[in-house]
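The values are calculated or read from the model by the stated rules, or taken from the named source; none is laboratory data. Bear in mind the structure is a predicted one, so any value in this text is a computation, not a measurement. Note that each Cβ is placed from the backbone with ideal geometry, even for glycine, and that neighbours are counted across all protein chains shown.
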Amino acid sequence: MNKIKILALTLAFSGFMAACKEQLDVQNPNQPSSPALKTETGLVSFGEGFYITGFKDVKYYDGTPGYFWSGAIGNHELMGDVIGTDIANVFINQIGAPNQITLDDGTVLLNPNSPNKQIDFIRITANVNSTGFQNSTYYEWAYMYNMNNAANTILTNIDAVTFSGAADTKKGVLKAWAYWWKGYAYSRIGSMYYAGIINDKANGEALNGTNGNYVSKEAMIIEANKNFDAASTILAGLTVNADYTATMEGLIPNFNRVGKGGVLTPVMWQRSINTMKARNLLVNTRVSAMTAAQWADIITLTTNGVQASDFVFTGRSNTNGDFLSPTAGTVSGKTTGANNTYKITERLIQDFKTGDLRFTNNFRKRTAPYIGETSRGNSFFTRYDLINRGATGSEGTASVITYSNTNAGGYELYLASSYEENQLMKAEALINTGKIEDGLALIDEVRKAQGAGLTAVAGTSLSLDAAKEELRRERRIGLLFRALSFYDARRWGLLENGRKGAVALSRTGVVSTNATITYGYLDYWDVPDNEIVYNPPSSSSAPTKNPK
């Protein structure tokens, strides 16, 4: 973690304390040695502050794309081609503009920005320390190292704290909490950046919590899983009692303990960890390179992964926007409304099968296509809008999943593992290891759970290629807005090979149904220059720049 971000932890926690003062009453621990962190209540309250530290407050901020779940994750969904934008803030229109689109009549829509390739643009213009907050590649890195620093702070202080009641249980919950979020942060770093930093020092300790020992993205994923395993080992020794529940309720804000959110039992939490470890393997391995042993690992992990009845880690907005703003805190919210930052892409819409109730429940055709500022991209033109199902008279069908609800608390955001993701990873592994029908049955299971109303595909004798296509479409639809679309595009080879047979609009709104999109996106981002300038790599560091 670099010196830029050290102040952010303090500011994040301070903001959370102010916003949640009715729930929390504890002084702000600016440093790991703060007296507040030497008390049980102070440490638990600090742990609750992770929701702000890791997802809301960093040194830089741009109000248009927004915080982590609308801004940093917006980059994922832009490059995953489920949303588009012509908004120029933080260069997000450049991040999501393919190199070119070839329409049915042979017309080529080039990325109008200069240079015309996302990779070149990032390296020449965006990922430069002097651009400050305009560097889109900075945000996910900064948020996740804020999270890691907060976790280190708990682990640094916990053994000096005297706990009341079932002390070992409370201590175990807090340690598992810290290791879980360290695993989470390292997972996101290793899944997005070409290199990262393994750091177990809290801000204020030796080296001010900074080191220049960059390691490879593969090493980051290994470290992520190591921290997940540490959390799982602790959880294996815990049982649910009054002190376990009270500590978990102290860590998870009450507005996040709704719906699928809640107090996870130790076993539920372990299953979430297994699903996250399966994700780490799947999304960081090209499908073409997956081995039989890796598919077997996916099956083992997901067999012991999130179940339909499990609580998982979710996020909700509230009226004050303490964690998430109802209208602007998520990609979903930012894709809804007349002045929305993001637009639904034609490629997402074409992936819905005829008769899918998830489409009719969540999207409507515009009276005229949205073309927007044509000098700012080539892929955001669209005929469709995302419906706000929180609006009076637009509530939709309760038995069908809702992709957007901008009422306070209306939208359920999955922060990490989910049942649907677990089942679709298992389905993919089964399909790719000769158990096509078993995999298709899991796809049907997810569609039924989300109220899709589609005819079952299991038992219809689909070929391997047809089964893979069902899986591809379902991951884009069933896991929409869960920060997985870019990972999938990368591992499926779309960044290099492009997408054929795509629906796209010309700059006058003419529809092509067999367009070719050449994305050309950088698969793993270079370490942000904002980090490199203040924290230069040591002589033994792994490369910090992707050779592509």
List the residue pairs whose Cβ atoms are under 6 Å apart, where the first residue sits in segment 68-97 and is at positive phi, the second is modelled with pLDDT of 95 or more, and the two are 6 or more positions apart or on different chains.
Asp81/Thr345; Asp81/Arg347
Going through segment 162-191 one residue at a time, which ones are surrounded by 19 or more Cβ atoms within 10 Å (Cβ to Cβ) and among the aliphatic types (A, V, I, L, M)?
Val173, Leu174, Ala176, Ala178, Ala185, Ile189
Quick one: Asp104 ticks every box in (1) surrounded by fewer than 18 Cβ atoms within 10 Å (Cβ to Cβ); (2) over 25 Å from Trp492 (Cβ atoms) bar one, so which box is it?
(2)
Look at Tyr194 and say whether it is crowded, with 24+ Cβ neighbours inside 10 Å and closer than 19 Å to Ser541 by Cα.
no
Within segment 480-504, count every residue that is closer than 18 Å to Tyr419 by Cα, in a loop (DSSP other than H, G, I, E, B) and not aliphatic (A, V, I, L, M).
2
List every residue pair whose Cβ atoms lie under 9 Å apart, where the two residues are 6 or more positions apart in sequence or sit on different chains, the first residue falls within segment 494-508 and is without any contact (Cβ under 8 Å) to a residue 24 or more places away in the chain and farther than 7 Å from Tyr519 by Cα, and the second residue, located anywhere, is in a strand (DSSP E or B) and of a type outside the set (A, V, I, L, M, F, W, C).
Asn497/Thr518; Lys500/Asn514; Lys500/Thr516; Gly501/Thr513; Gly501/Asn514; Gly501/Thr516
Yes or no: Arg257 crowded, with 22+ Cβ neighbours inside 10 Å, among the basic types (Lys, Arg) and either under 30 Å from Asn320 (Cα atoms) or over 22 Å from the mean Cα position of the chain (by Cα) (or both)?
no
Which residues, counting only those in segment 72-112, are at pLDDT below 95, touching a Pro at 6+ places or on another chain (Cβ under 8 Å) and not hydrophobic (A, V, I, L, M, F, W, C)?
Asn89, Asn111
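Hey, among the residues in segment 299-319 that are part of a loop (DSSP other than H, G, I, E, B) and hydroxyl-bearing (Ser, Thr, Tyr), which one's surrounded by the most Cβ atoms within 10 Å (Cβ to Cβ)? Steps first, please.
First, pick out the residues of segment 299-319 that are part of a loop (DSSP other than H, G, I, E, B): 304-311, 313, 316-319.
From the residues that got through so far, the ones that are hydroxyl-bearing (Ser, Thr, Tyr) too are 309, 317, 319.
Working: Ser309: 8, Ser317: 26, Thr319: 11.
Only one residue fits best here, namely Ser317.
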Here are some conditions: (1) part of a loop (DSSP other than H, G, I, E, B); (2) touching a strand residue (DSSP E or B) at 6+ places or on another chain (Cβ under 9 Å). Thr354 meets all but one. Which one does it not meet?
(2)
Look at segment 481-520 and say how many of its residues are hydroxyl-bearing (Ser, Thr, Tyr) and within 18 Å of the chain's Cα centre (by Cα).
2
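Can you give me the ranges of the helices (runs of 4 or more DSSP H) entirely in segment 44-121 with at least 2 residues that are closer than 25 Å to Leu505 by Cα and not acidic (Asp, Glu)?
73-79, 92-95, 118-121
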I need the full set of residues from segment 287-320 which are touching a Gly at 6+ places or on another chain (Cβ under 9 Å) and either of a type in the set (Val, Ile, Thr) or more than 22 Å from Gln450 (Cα to Cα) (or both), in order please.
Val287, Ser288, Val312, Thr314, Asn318, Thr319
Of (1) surrounded by fewer than 17 Cβ atoms within 10 Å (Cβ to Cβ); (2) at positive phi, Ala483 satisfies every one except (1)
Identify, please: which residue in segment 224-237 is buried (at least 21 other Cβ atoms within 10 Å of the Cβ) and more than 20 Å from the chain's Cα centre (by Cα) and is, among those, farthest from Lys171 (Cα to Cα)?
Ser232
Could you check segment 284-297 and list, in sequence order, the residues that are in a helix (DSSP H, G or I) and closer than 15 Å to Ile222 by Cβ?
Gln294, Asp297
Can you spot a residue in segment 351-365 that is surrounded by fewer than 16 Cβ atoms within 10 Å (Cβ to Cβ) and of a type in the set (Lys, Arg)?
yes
With the condition kept exactly as written, say whether any residue in segment 409-428 is under 29 Å from Ile517 (Cβ atoms), part of a loop (DSSP other than H, G, I, E, B) and of a type in the set (A, V, I, L, M, F, W, C).
no
Starting from segment 264-284, keep only residues that are crowded, with 24+ Cβ neighbours inside 10 Å, then list their pairs with residues that are basic (Lys, Arg) and at pLDDT 95 or above whose Cβ atoms are within a distance under 9 Å, requiring at least 6 positions of separation or different chains.
Ala278/Lys426; Leu282/Arg491
How many residues does segment 509-546 contain that are surrounded by fewer than 17 Cβ atoms within 10 Å (Cβ to Cβ), assigned to a helix (DSSP H, G or I) and either free of Cβ contacts under 8 Å to residues at least 24 places away in the same chain or among the aliphatic types (A, V, I, L, M) (or both)?
1
